[in-house]
Every structure is written in structure tokens, then in C-alpha cells.
Amino acid sequence: MPGPSNQNRIVGTAAGRLALVAALLGLVLTGCRTVPPTEQRLVSRPVMQFNERPAFVTNSSLLSQTEPGAAVSGGGANSGCTSCR
Amino acid sequence: MSRCPAMLLSVALLGASVPAIRGENTVSADLTAIRLASHEDGRPVSLAGFGGGIVVLDFFAYWCAPCRTVSRALEQEVRAHYLARGGNPAGIPVQLVSVNIESEQPGLTEAFIRETGLEQVWHDHDGRLYSAFRGEGLPLVVALDLTQSGKVTIVFRSSGLESIGPLRGAIDAIGGGGSTGSDNASESGPVGVLAISAVEALFEGNFSDDLQLTQSLIRYRSETSRNAWDVAVGLASIGIDYRPSPFDFLGSATRVDELRPSIAANVRHRPADRWTLLAGAGYYDGFTDYRSAWFNEYFEQQFNNPSVGTVPGFVAADPEGFNVSGGVRHEYLPAAGFIEFNGSYQRDRIAPGYEIDFNGLTRGIDLLESGVYRLTFENVPHRRVRTRLDLQITDTTERNLRHGINGAANVALGEAWTLRLLAGGAIEDPEFEAWFAGTALEYAVSPAWQLFASGRYYQDTGEIENSLSFSTAAPGVRAWHAGLGIRHVAGRSVFKLFAAPYFTDYEPVDLGTLFFANLYSDRSWVLIQAAWQFEF
């Protein structure tokens with residue numbers, strides 16, 4: 001059994017890893033470029049969007065019962081086609 | 001325009017909203033020099049041909065769902081309306097031109113034109129005219145006053161269109177005519193809000209030898225350019241063939257069946273072009289997961305057993321909960337990227353744990369309050385890629401903060417192929433760590449039929465021990481599934497079916513959780529999903 005100080009070191013390492021992953025993902029996923037609506041044909045397909053429409057998403061709400069660490073989504077309204085008003 | 005991630009948050013916080021142009025706005029007469037192609041015969045066309053009149057431009061693309069509603073409404077409520085009256089109140093002729101900005105898939109554009117009944121269509125394949133009006137989304141509706149020689153005046157411009165009324169008001173005011181454009185004052189009938197409404201239904205099941213879990217949901221949603229709302233009612237079921245541990249001398253095998261009805265609603269309002277306000281609320285009544293129902297049965301058999309009576313201090317569980325949420329979204333890249341902050345408060349009355357010693361029965365905490373704070377980035381960094389990043393912090397009663405991250409990327413590999421990637425994780429002191437990764441590959445056999453394969457892997461280190469010496473916390477688990485699905489699109493209706501084998505593999509229970517060896521046993525499941533939606 002690790003003592004409290006060892007536990008803190010383990011947690012600190014995990015938090016550091018998560019922060020690093022978050023920073024890297026942020027750089028990769030948020031991007032630097034605007035793609036105008038005239039070029040958004042492919043990304044506007046329903047299967048390309050992040051929303052909670054069950055006919056198009058592949059995630060399952062039941063899995064949160066067996067995968068408690070994956071319950072990230074939920075809450076308020078979600079996104080739709082970014083170029084569609 | 002280029003904005004890198006380091007700038008994004010500050011841009012979002014400071015605000016860079018560009019309001020829609022309302023009222024008069026004179027633009028360069030060079031606008032009339034832009035030559036487009038007529039859909040009818042391919043001949044060159046330009047706005048110069050409408051000198052002395054009023055022109056309404058309806059920019060659309062076949063893949064833009066709101067465009068379908070707006071284009072159809074403009075044909076009926078603008079073209080037909082002013083044609084029947086010989087122009088606006090001042091007698092100035094009004095023309096409607098539908099401008100297609102998409103050059104690919106001409107067959108689908110043709111179908112859009114046919115289904116919406118567009119009379120006059122121009123092609124702006126390189127987006128020159130669209131860009132001249134600083135288009136930031138679709139549909140883009142612009143009304144031009146060309147009555148003065150050599151001068152083009154924008155009298156109305158809107159990304160998206162909430163209703164026809166304001167557009168008619170702007171048209172009717174040209175030439176000194178009175179406004180008849182109020183939303184419900186049309187002589188041809190009410191000019192209502194342009195809404196897309198849909199009904200969605202979902203059934204999910206996850207079945208093993210001793211556990212049967214289902215979730216059913218029906219949702220109604222309505223969206224306009226500036227407002228959206230949805231309400232969903234659900235019913236979840238939990239079926240357990242309960243088997244006590246061999247060491248549980250008070251326990252007996254039995255059947256447990258529980259239901260959990262729920263209701264949830266969300267609203268969305270866009271007060272300015274790049275800002276959206278979000279709010280939501282939900283309520284449920286029942287056990288949120290099968291483990292809670294299993295524990296409840298265990299404690300019932302221990303402390304509320306007919307053979308030994310009810311132990312003083314035992315109270316039957318009645319779990320329920322509600323949540324409220326609010327948030328704000330800002331489009332830091334027009335039509336291509338947004339940042340969203342969402343905060344929610346959740347209050348859950350749970351089935352508590354119990355501990356018994358020489359002092360009697362101690363009931364564990366039964367009321368949890370949680371604050372969930374989430375920051376989301378969504379972006380279109382490339383014309384084939386859409387990405388999303390969620391950062392979440394959850395603060396729950398008597399628990400340390402849980403930090404979560406979820407990143408996803410959807411990639412259009414081609415006209416028929418789509419790849420979805422997903423990865424994420426969570427950590428919580430003192431020792432909980434979880435991560436997961438998944439992918440889905442979709443292939444459109446035809447516009448009506450799509451096939452997809454989907455899989456996911458999940459792993460965690462086991463749940464946090466509760467405050468009682470007797471632990472119900474789950475040991476570490478690995479879970480994975482891979483399955484096949486099919487989707488059928490028939491007009492306004494979409495149907496989806498998905499099935500996958502699913503496996504959960506727990507680490508061995510220790511002495512603290514020995515009484516739950518049957519709960520935390522490895523299982524093989526069958527996961528199925530059926531979903532349907534219909535757009536009105």
C-alpha cells in the first residue's frame with residue numbers, strides 16, 4: 001500500500017498527464033483556420049455532426065452503467081451543423 | 001482569417017460578434033458586375049438586369065437542412081405574394097433569385113430545386129456573390145433596393161431566417177410604401193415562424209445472462225434560425241436475476257425489476273449572430289443503474305428481511321433526481337468554430353449504503369449534490385474534418401473533483417466513407433483513473449442506405465471507496481464492444497439498427513467487496529440499438 005505522499009505523487013502524475021493530453025488535444029482539435037460555408041458540404045452531412053440525434057450517433061447511454069469514467073456528455077443543448085442557422 | 005488556439009479563449013471572452021445588417025446599407029455598384037450562371041440554360045446573369053426593382057437573394061446549398069424550409073417559404077410568401085400584387089405597395093416589382101453555392105453533386109442540387117419549387121436559380125459556385133455579402137452561414141437572405149440608378153442598397157440581410165415578416169416589412173418600405181410585413185398580417189394567410197420540427201425515438205438494450213437493461217426515449221424538437229427547444233420522455237428498465245454471495249447467509253436468489261421514467265427539456269436562443277444561450281432541466285424517478293438496484297436488494301435482504309424483521313435505522317430507498325443547466329456558446333470562427341461553457345446542478349436522492357456494528361445500523365449518505373462544469377470546443381479545421389473537445393469538472397458531495405476530457409474527430413474520407421474517432425478519460429483523487437477510445441467507419445451504399453461498423457474499449461482503475469468500512473465500490477474493469485449497424489434514409493424519415501457483442505471484465509473482488517462477487521463478475525452482453533426520426 002502506498003503512503004499518502006506516494007499517493008499524491010501518483011495523482012500528481014495522473015493530473016499532469018491529463019493536462020498534457022488536454023493541451024495537445026486542444027491544439028489539434030480547435031484548429032487555426034476558417035473553412036467558409038461554401039466548402040462545408042462534406043462536414044455538414046448528418047453523420048459528420050456531433051449531436052444527440054439517435055439515428056446518427058453511435059454511442060450508447062446504457063454503457064455509462066458499466067463504464068462510469070466515460071460519462072462526459074449530457075446537459076444542455078448540443079451542437080448542430082455549424083454553418084446552418 | 002486565421003486564429004490560433006491561444007487566441008481563441010480571449011476572442012470568445014472579449015466578444016467578436018458582427019451583428020446582422022438591418023436597415024439601409026449601401027454597397028458598391030460593382031456588385032452588379034459579378035456574373036453568375038443561370039440554372040435554366042447556363043447563360044450569364046447578373047444583378048444589373050434588375051435595375052429599377054427589388055431583388056431578394058436566397059443563398060442555399062442542397063446539404064443545408066434549414067435552407068429547404070426557408071427556400072420553400074420564400075417561394076410561397078415572397079415570390080407568389082408580390083407577383084399577385086404586382087409588386088410592393090409602391091408598385092415596385094419584386095424578384096426572388098435562389099443562389100446555389102454548391103458545385104458538387106448537381107443531381108442533389110437538382111432534387112433540392114425540384115422539391116422546393118424554386119423558379120429562378122443562379123449558380124455561384126465560386127462564392128463570389130456570397131462573399132460580397134459577407135456570408136457567415138446558410139441560408140443567407142438578402143434584399144436589395146435597385147431602384148436608384150448606379151446604387152445598390154441592402155435593405156435586409158440575415159444569416160438564417162426566423163420569419164418572413166421582417167423581410168416583407170423591409171421590402172414594403174421601399175419607395176415610401178407602408179409596411180405590411182408583420183408576422184401574422186399576410187393577406188395570403190399567417191406568415192409563421194420558419195421552424196423545423198422532428199420526432200425522434202430510441203430503444204436500447206444491453207442483455208447478459210442475469211442482467212437486462214433497456215432505455216426507451218421519445219423526443220420532440222423544434223428549431224428556427226434563432227430559437228430551438230426539445231422535450232424528451234424516457235423509460236428505463238433494470239432486470240436482475242439476483243444471486244447472493246455464497247457467504248451471504250441472509251441472502252436469497254430473487255428477481256428484481258425496476259423502472260425509471262424521466263423527462264428532460266432544453267431550450268436554445270440566439271440573441272446575436274454569434275452568441276447562443278442554452279438552458280435545460282430534467283427529472284427522473286428510480287434507480288439510475290443496475291448496481292444501485294443490486295445494492296438495494298442486498299441491503300433489503302440484510303436489514304429488512306421477513307425472517308429477522310426490520311433492523312431499526314433501515315429506511316426503504318426511493319431514489320430520484322433532477323438537474324438544471326445553463327450555458328453560453330460563442331462562434332469565434334464564423335460558421336466554423338465555437339466555444340461553449342455549460343454549468344449544471346444535479347441533485348440525486350440515492351439508495352444509500354449501510355453499516356452495522358455494536359452501535360446499531362448506520363445509514364450512509366442518501367443525498368448527493370453535483371456541480372458539473374463543461375467547456376466545449378467544436379471546430380471545422382478542414383473541409384473534411386469536424387472536431388470536438390470537451391473538458392469537464394464534476395464536483396459531487398463528499399467527493400474530490402473529477403476531471404474529464406473527451407476528444408472526437410469526424411473525418412469525411414470521401415463521398416461515401418466517414419470515419420469517426422473518439423478518445424477520452426477521467427481522473428479523481430485519490431486513485432480513480434479511466435480512459436476509453438472508440439471508432440466508427442461508415443459507408444454510404446447509396447443515398448438511402450448506409451452501413452457502419454463501430455467499436456470501443458474502456459478501462460478504469462476501480463471506483464472510489466465509500467466512507468463506510470463495508471465497500472460497494474466496483475473494482476477495476478475493462479469493457480469493449482464491436483458491432484455492425486445499418487441506416488435507412490427514406491425522405492424525411494431515418495431508421496437505424498445496430499448490434500454488438502459487449503464484454504465486461506472485472507478485476508477480482510477483495511475482502512471488502514466479497515459480498516458482491518456475483519455483481520462484479522465478468523459478463524458477455526448483447527448490445528442493441530434501434531432509432532427512428534421523422535422531420536416535419
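Throughout, read-outs are computed from the coordinates displayed, never taken from laboratory work. Only a predicted model underlies this, so the values are computations on that prediction, with no experimental measurement involved. Neighbour counts are summed over all protein chains in view; Cβ atoms, including those assigned to glycine, are modelled from backbone coordinates with ideal geometry.
Which of the peptides B:127-134, A:55-62, A:36-43 is most tightly packed, and how do the rest follow, judged by the mean count of other Cβ atoms within 10 Å per residue? Write down the numbers at each step before the final one.
Numbers: B:127-134: 17.0, A:55-62: 21.8, A:36-43: 23.6.
Result, highest mean first: A:36-43, A:55-62, B:127-134.
With θ taken as phi - 60° and the Karplus curve 6.51 cos²θ - 1.76 cosθ + 1.60 applied, the whole-hertz 3J(HN,Hα) list for segment A:63-70 is 5, 5, 6, 9, 10, x, x, 9 Hz, x standing for glycine and proline.
Between segment B:438-464 and segment B:264-280, the C-alpha centres lie 29 angstrom from each other.
Taking a spot 7 Å from the Cα of B:Y373 along the direction of its beta carbon, which residues of segment B:337-361 have an amide N less than 18 Å from it? Only B:339-347 fall inside the zone, counting backbone N under 18 Å.
For segment B:422-427, putting each phi into the Karplus relation 6.51 cos²θ - 1.76 cosθ + 1.60 with θ = phi - 60° gives couplings of 8, 8, x, x, 8, 9 Hz, in residue order, rounded to whole numbers and with x for Gly and Pro.
Sorting B:522-528, B:57-63 by average packing, meaning the other beta carbons within 10 Å per residue, from highest down gives B:57-63, B:522-528. Annotation: amide H-H contacts under 5 Å for B:L144 (H modelled 1.01 Å from N, sequence separation of 5 or more, or interchain): B:V55, B:V56, B:L57, B:V155.
Once you have the Kirkwood Rh of segment B:50-104 from its Cα pairs, apply Stokes-Einstein at 4 °C and 1.567 mPa s and quote D in µm²/s. Before the final figure, lay out each step's value.
Values: Rh = 12.0 Å.
So the translational diffusion coefficient is about 108 µm²/s.
Helix B:290-303 and the longest principal axis of the C-alpha atoms of chain B enclose an angle of approximately 30°. With the simple spin-label model, which puts each label point 7 Å out from Cα in the Cβ direction, the B:D210 to B:R399 separation comes to 2.5 nm.
Within 10 Å of each Cβ of B:372-384, how many other protein chain Cβ atoms are there on average? Working shown, then result.
On the way: counts 4, 1, 5, 1, 6, 5, 8, 9, 14, 9, 6, 9, 6.
So the per-residue partner count for this stretch is 6.
If you place +1 on the Cβ of every Lys and Arg, -1 on the Cβ of every Asp and Glu, and leave all else neutral, what size is the dipole of chain B about its Cα centre, to the nearest 20 Debye? Intermediate results must be reported in sequence, preceding the final value.
Working: 42 positive and 62 negative charges, 435 e Å.
Here the size comes out at about 2080 debye.
The residue among B:H330, B:I393, B:Y242 whose Cα reaches farthest toward the positive pole of the charge dipole of segment B:196-535, with charges on the beta-carbon of Lys, Arg, Asp and Glu, is B:H330.
Using only side-chain charges placed at the Cβ, +1 for Lys and Arg and -1 for Asp and Glu, the dipole size of segment B:352-392 relative to its Cα centre rounds to 680 debye.
Among the trypsin sites (Lys or Arg not before Pro) within segment B:402-503, those in coil by DSSP and having at most 13 neighbouring Cβ atoms inside 10 Å are B:R492. Can you pull the Kirkwood radius for segment B:20-176, inverse mean 1/r over Cα pairs, to one decimal in Å? Kirkwood radius, segment B:20-176: 15.5 Å.
Report D for segment B:196-535 in µm² per second (integer): Stokes-Einstein, Kirkwood Rh on Cα pairs, 37 °C, 0.692 mPa s. The partial results should precede the final answer.
Values: Rh = 22.6 Å.
The calculation lands on 145 µm²/s.
Report the gain in length on full extension from B:A33 to B:E115: 0.36 nm times residue separation, minus Cα-Cα distance, nm rounded to one decimal. Mind dumping the intermediate values first?
Values: separation 82, 0.36 × 82 = 29.52 nm, distance 3.08 nm.
Stretched fully, the B:A33-B:E115 segment lengthens by 26.4 nm.
For B:Q120, the amide hydrogen comes within under 5 Å of the amide hydrogens of B:S98, counting only partners 5 or more places away or on other chains and with H modelled in the peptide plane.
Averaged over its residues, how many other protein chain Cβ atoms are within 10 Å of peptide B:134-143's Cβ atoms?
3
List the GluC sites (Glu not before Pro) within segment B:323-430 that fall in a DSSP loop (any state other than H, G, I, E or B) and whose Cβ has at most 12 other Cβ atoms within 10 Å.
Values: sites: B:E331, B:E340, B:E355, B:E369, B:E378, B:E398, B:E415, B:E428; in loops: B:E398, B:E415.
Hits after loop and neighbour filter: B:E398, B:E415.
Which order do the peptides B:96-103, B:505-512, B:40-47 take when ranked by the mean count of other beta-carbon atoms within 10 Å per residue, highest first? Mind dumping the intermediate values first?
Details: B:96-103: 23.8, B:505-512: 14.0, B:40-47: 12.5.
The most tightly packed comes first, giving B:96-103, B:505-512, B:40-47.
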